[in-house]
Every structure is written in C-alpha cells, then in structure tokens.
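Input: a single structure, listed below in structure tokens.
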Amino acid sequence: MTTGTPTGPPLRGRVDKREAILRAAQHVFGTKGYAATTMGDIAEAADVATPTLYNHMGSKEKLFRYAIGAANEQLTAKTLEALAAFPAEPEDLREALLELAANLTSCMLDPDAWAIRRLLYAEIGRFPDLFADTVSRRGRDASLEALAGQMAKLAHAGRLKMDNPARASSHFLALIWADLDAESALGTRPVPPEVVRRTEQTGVDAFLRAYAP
C-alpha cells in the first residue's frame, strides 16, 4: 500500500489525499450547499491546490456524488455494525431491542449523518437519482435487509409473530425514530437524552404490542 511508482506519489498518499478531499467536500457542501460551494472552497478546506482537486475528482458534480456516496457508506457501515451486535438468542427481548434502538438512533442522530441528509433534502430535485440509487439502494436497503434477517430469526424462534420481516423492520425503525427528526430540527439542535430514551422505549413497546406472539 505504501510502495510508490516512478511516475507518481506513493499509493498511500493518494488514498489519504482522496479521503481528505472527500471529508472536506462533505463539510463544505453540508455547510454552504451545492450551488454556493466552489471547487476553490473545497480545495482550501482540504489543503490542496484547486488543479489537484480537479485531477482527483474531475468536476464539482462528480465530487458531490463521491462525497455523498462516501458518507452513505460510512453511515451504512455503522448501522450494519449496530445490527450485527444484536444477540442471536436474546434472553430479554425487550432489553435487547432497547439496546438495538439506542445504537440505531445514535447512528441516525450523528451530526455528520444529519448534515448529509439535509444536503440531500435540499438537492434532491437536482440529483434525484443520487437518493434512489446511492442512498436507498446501497444504504437504506442494505440496513433493512440486515434488520429483516434479525427479525426473521426471532420469528422463527417464536419470539415475534410476523408475516413480512421487511415490513416489520420498517415499522421498527419508524417507531424508534418517531419525531426525533422534528425534535432535532433536522439535526440542527441537540435532543435531550431523556427525550431520545423515551422515544426509543415507546417505540420498542409499540413494536412489541404489534409483533409479540
């Protein structure tokens, strides 16, 4: 990974520079919006020359797509990690679901994740395919599939009763999220921990009332 070539810098350096550019792009786009952001703004934030930015990314539109894709991958990885920690055979199902809810809402309320979501909401008219193909298909769908797998195992073990694990998974996420988007003003203000816990608890209890045997 660190071996250079006679015609270019070490590969590790190129990877680090690309990651720095993507982080800078996520921050600047999230702060200023797509239209108001220039490649010079991002180059300055990434501490690279503007021609270097064009050499790595090609154009502002391509950089925006790369930045959204990278942020989506990061959030999806955190979400899948939270789902993978769910026990295969929980002794106390409610407590296990509460812990899962806490881990998932932590991912949802992450400031960086919210910045990207706000940016997507603002620019969905300009990039409708980005939401459908990148965020939904590669992020939300992957998370729902993983959660549905957990729900199916619980149903097979007789811990839950459901005909459609995917739909039950959507219900679970909707219930634990509830009004946290409004409470956080789309991630622009902190939500008191007691409000987050209450939302998680009422969501899990409503889910169990609907799906417990």
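With a simple spin-label model that places each label point 7 Å from the Cα along the Cα-to-Cβ direction, the separation between Ala157 and Ala77 comes to 2.9 nm.
Suppose every Lys and Arg Cβ carries +1 and every Asp and Glu Cβ carries -1, with no other charges. What dipole size does the range 109-213 come out with about its Cα centre, to the nearest 20 debye? Present the calculation step by step, with values, prior to reporting the outcome.
On the way: 14 positive and 14 negative charges, 57 e Å.
Dipole size: approximately 280 debye.
Taking label points 7 Å from Cα along the Cα-to-Cβ direction, Arg126 and Arg197 give a separation of 4.2 nm. Around the Cα centre of the range 52-152, unit charges on the Cβ atoms of Lys, Arg, Asp and Glu (plus for the first two, minus for the last two) sum to a dipole of about 700 debye. Charge dipole (Cα centre; +1 on Lys/Arg Cβ, -1 on Asp/Glu Cβ; no other charges) of the chain amounts to roughly 520 debye.
For the chain, what is the accessible area per residue in Å² when the probe is 1.4 Å? Intermediate results must be reported in sequence, preceding the final value.
Working: 11820 Å² over 213 residues.
For the chain, the solvent-accessible area averages 56 Å² per residue.
Using the Karplus relation 6.51 cos²θ - 1.76 cosθ + 1.60 with θ = phi - 60°, the per-residue 3J(HN,Hα) values for the range 32-41 come to 9, x, 5, 5, 7, 7, 10, 5, x, 4 Hz, with x marking Gly and Pro. Projected label points at Thr50 and Ala185, each 7 Å from Cα along the beta carbon direction, are separated by 3.4 nanometres.
Can you tell me the equivalent ellipsoid semi-axes for the range 59-213? Use √(5λ) from the Cα gyration tensor, largest first, whole Å.
Whole-Å semi-axes of the equivalent ellipsoid: 29, 18, 13.
For Asp92, Asp179, Asp163, the ranking by accessible surface with the largest value first comes to Asp163, Asp179, Asp92, using a 1.4 Å probe. A simple rule links phi to the HN-Hα coupling: the Karplus curve 6.51 cos²θ - 1.76 cosθ + 1.60 with θ = phi - 60°, which for the range 190-195 gives x, 9, x, x, 5, 5 Hz, with x for Gly and Pro.
Pop out the ³J(HN,Hα) list for the range 164-180 in order, Karplus 6.51 cos²θ - 1.76 cosθ + 1.60 with θ = phi - 60°, rounded to Hz; leave Gly and Pro as x. Each residue's phi maps through the Karplus curve to give 9, x, 5, 5, 4, 5, 4, 5, 4, 5, 5, 6, 6, 7, 6, 9, 5 Hz.
The values are calculated or read from the model by the stated rules, or taken from the named source; none is laboratory data. Please read all numbers here as calculations on a predicted model, not as lab measurements. Glycine also receives a Cβ, built like all others from the backbone with ideal geometry; neighbour counts cover every protein chain displayed. Keep in mind that these areas ignore ligands, DNA and RNA; they rest on the heavy atoms of the full protein, side chains included. Shrake-Rupley method; radii C 1.70, N 1.55, O 1.52, S 1.80 Å.
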